[in-house]
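In what follows, a structure is listed as structure tokens, so that the remarks can point back to it.
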């Protein structure tokens with residue numbers, strides 16, 4: 001909260017808040033460092049908007065949670081502290097169970113399946129965001145999620161009792177079902193959390209493994225490809241409506257290009273990121289049948305819980321996804 005107030009005060013001091021800026025100058029809050037491909041894609045998106053408008057519409061990207069901490073980005077966009085922001089979709093599950101679809105284990109385990117799931121769920125996500133005064137621009141997946149541990153995993157029991165790094169309600173629920181101890185840790189804090197013994201294992205992407213230099217604190221990466229969580233970029237509806245037609249067109253076209261580019265970046269980078277893990281000393285392993293079996297049971301259980309929470313809306317999404 002302190003950082004939000006300081007950021008708002010800073011922006012007010014230089015005259016660039018949503019209430020005093022021209023409609024063609026926006027600030028964008030993002031949660032990840034410049035080294036992460038999501039941020040590279042965001043910066044390319046902002047550059048596309050500026051290029052398409054001849055510099056008449058500029059989006060200033062504030063990366064690494066430097067302006068707004070990750071858990072507060074969506075609310076800050078709603079409240080027009082900033083006009084636009086990027087957020088991990090599943091981080092919002094506590095607000096609406098719909099957003100938890102993005103982190104159900106073994107529901108979508110490949111890029112093709114993740115795209116099919118996004119196609120099926122996007123209209124409902126757009127409707128949910130619209131209720132909060134937000135416009136969805138695009139979404140891009142992380143690489144498939146795998147386990148980072150200090151020991152090889154022969155089955156789910158090997159994770160029992162460990163302090164397990166989580167980053168949303170879905171990963172916390174999975175940790176509980178594995179018998180682990182859920183511990184919320186944001187991405188920039190991962191190395192310190194392992195160094196102090198706050199956590200002993202985690203599930204995350206190859207990209208996060210590389211950016212956090214996971215080889216400094218674990219020995220194994222198990223490629224379970226459990227799910228492909230996505231980040232989404234949202235904009236305040238009132239700020240969007242204030243844009244002139246040319247700026248709005250440039251924004252939407254740049255967003256469409258960013259979604260296409262981001263999905264391709266994610267997939268193209270995965271192999272090289274895993275190679276970096278290996279080059280730095282991690283042992284990369286395929287999951288054992290016992291581990292897959294445990295995760296499959298957990299995935300079915302969590303899918304059922306999600307359907308109970310989302311009712312007819314959730315069932316329609318799953319039906320549409322499975323019909324593709």
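The values are calculated or read from the model by the stated rules, or taken from the named source; none is laboratory data. Computed from a predicted structure; not experimentally measured. As a convention, Cβ positions derive from the backbone with ideal geometry for all residues, glycine included, and neighbour counts pool all protein chains shown.
Numbers below:
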| item | result |
| --- | --- |
| Tally of residues being under 21 Å from residue 267 (Cβ atoms) and surrounded by fewer than 22 Cβ atoms within 10 Å (Cβ to Cβ) across the range 195-204 | 0 |
| Boolean, residue 304 is at positive phi and free of Cβ contacts under 8 Å to residues at least 40 places away in the same chain | no |
| Subset of the range 284-299 that is in contact (Cβ under 8 Å) with a residue 12 or more places away in the chain and closer than 23 Å to residue 93 by Cα - its residue that is nearest to the chain's Cα centre (by Cα) | 299 |
| Subset of the range 79-98 [crowded, with 18+ Cβ neighbours inside 10 Å and more than 15 Å from the chain's Cα centre (by Cα)] | 81, 82, 83, 84, 97 |
| Hey, residue 116 at pLDDT 95 or above and outside the structural domain of residue 278 (by TED's automatic domain parsing) or not | yes |
| Subset of the range 207-233 [assigned to a strand (DSSP E or B) and more than 30 Å from residue 129 (Cβ to Cβ)] | 220, 221, 222 |
| Failed item, numbered, when residue 252 is tested on (1) surrounded by 18 or more Cβ atoms within 10 Å (Cβ to Cβ); (2) not assigned by TED's automatic domain parsing to the domain that holds residue 167 | (1) |
